[in-house]
Every structure is written in C-alpha cells, then in structure tokens.
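Everything below concerns the one structure shown next.
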Amino acid sequence: MASERTRAWTEFRRMIFWIALAGVVMVAGALWYLSLYDALYPSAIAATIGGVFISTLLGCGLFAAAFFSDKSGHDQSVSDATSHEDAQ
C-alpha cells in the first residue's frame, strides 16, 4: 500500500513537470504566433502568459490529480468507506 502511494506520488511529480514544460512551450508558441501579426505590448504578453500557462496547468493538472487519486488508492478507500453493504 505504501509503495503504491510512493510510486503514484513519483509519477504525479513527473506528470506535473511535463505539464509545466508543455505550458512553457505553448506560451512560447502563442507569443511567437502573436508576434507574426501584431506588435507585442506588455499587457498582451502578460495576458498570454497568464491565460495560456494557467489554463494548461489547470486543465492538465486536474487530470493528473484524478490519475494520482486513482493510482494511490485514495479512490478505493473512499469507495470502501461509503459502501453500504448489508450484512445479513
């Protein structure tokens, strides 16, 4: 049980690293695309960084948290605690 949680935590950290890296790459791509068609103003840069990076981190991070919850056994412990099997 403890080894499953340790392994799940290690995989979760690795997923978060790759998600953050993907967010940085997406921000760079978005800024490059915007620079092709218009001058980049500080407000546009800040909005792009905030919007793209935070959206990527939030969306992918929630999926990573769901996978972590399943792999670490948290989902099963909640299911076991809330099951209402009648002992007859």
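The values are calculated or read from the model by the stated rules, or taken from the named source; none is laboratory data. Given the structure is predicted, the values throughout are model-derived calculations rather than measurements. Don't worry about glycine lacking a Cβ; one is built from the backbone with ideal geometry, like all the others, and counts go over all protein chains shown. Side chains are part of the model used for accessible areas, which takes the heavy atoms of the whole protein and leaves out ligands, DNA and RNA. Shrake-Rupley method; radii C 1.70, N 1.55, O 1.52, S 1.80 Å.
So, residue 12, is that one part of a helix (DSSP H, G or I), open to solvent by 70 Å² or more (accessible area, probe 1.4 Å) and either in contact with a Phe, Trp or Tyr (Cβ under 8 Å, 6 or more places away or on another chain) or aromatic (Phe, Trp, Tyr) (or both) or not? In short, no.
Entry remark, segment 17-56: residues being open to solvent by 60 Å² or more (accessible area, probe 1.4 Å) and in contact (Cβ under 8 Å) with a residue 24 or more places away in the chain number 2 in total. Of the numbered criteria (1) at pLDDT 90 or above; (2) on the phi > 0 side of the Ramachandran plot, the one residue 46 fails is (2). Checked against the criteria, residue 6 does not count as open to solvent by less than 40 Å² (accessible area, probe 1.4 Å) and either outside any helix (DSSP H, G or I) or β-branched (Val, Ile, Thr) (or both).
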